[in-house]
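Let me begin by presenting the structure, written as structure tokens, before commenting on it.
The values are calculated or read from the model by the stated rules, or taken from the named source; none is laboratory data. Because the structure is predicted, anything quoted here is derived from the model rather than measured. Cβ: placed from backbone, ideal geometry, glycine included. Neighbour counts: every protein chain shown.
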Amino acid sequence: MKIEQSIETVVILMANARLEGNLHMPAGGRLTDYLALAERKFIPLTEVKIFSHPGETVLYSVPFANVNKDSILLLFPKT
């Protein structure tokens, strides 16, 4: 069975990097509910750009990254 998903482009600020990528979550779900799940230790992203922080230099562009929630300082939807 295929689960319908929605894609939210997010910005993640970490101690030494800024990430921008697509977060895939169940359709109709809220970002805060998805992130609050205790069993979810990592946040999977696709089409990820990893920037130096501070700065605007793109260090890597990767198709997939799995980000440890404990490393996230700030996460918000990119508008």
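Some notes on this structure:
- Cβ pairs under 6 Å, 6+ apart, first in region 1-23 and in contact (Cβ under 8 Å) with a residue 40 or more places away in the chain, second acidic (Asp, Glu): VAL11/GLU20; GLY21/GLU47
- Residue count for region 47-79, restricted to those that are out of contact with any Pro (no Cβ under 6 Å at 6 or more places or on another chain), in a strand (DSSP E or B) and not aliphatic (A, V, I, L, M): 11
- For region 7-17, the criterion of a residue being of a type in the set (Gly, Ala, Ser), at pLDDT 90 or above and not in a strand (DSSP E or B) is satisfied by at least one position.
- So GLU47, is it surrounded by 12 or more Cβ atoms within 10 Å (Cβ to Cβ), acidic (Asp, Glu), out of contact with any His (no Cβ under 7 Å at 6 or more places or on another chain) and on the phi > 0 side of the Ramachandran plot: yes
- Residue tally, condition more than 10 Å from the chain's Cα centre (by Cα), among the basic types (Lys, Arg) and farther than 15 Å from GLU8 by Cβ, over region 41-79: 2
- For region 25-44, the criterion of a residue being in contact (Cβ under 8 Å) with a residue 60 or more places away in the chain, surrounded by 13 or more Cβ atoms within 10 Å (Cβ to Cβ), among the hydrophobic types (A, V, I, L, M, F, W, C) and not in a strand (DSSP E or B) is satisfied by no position.
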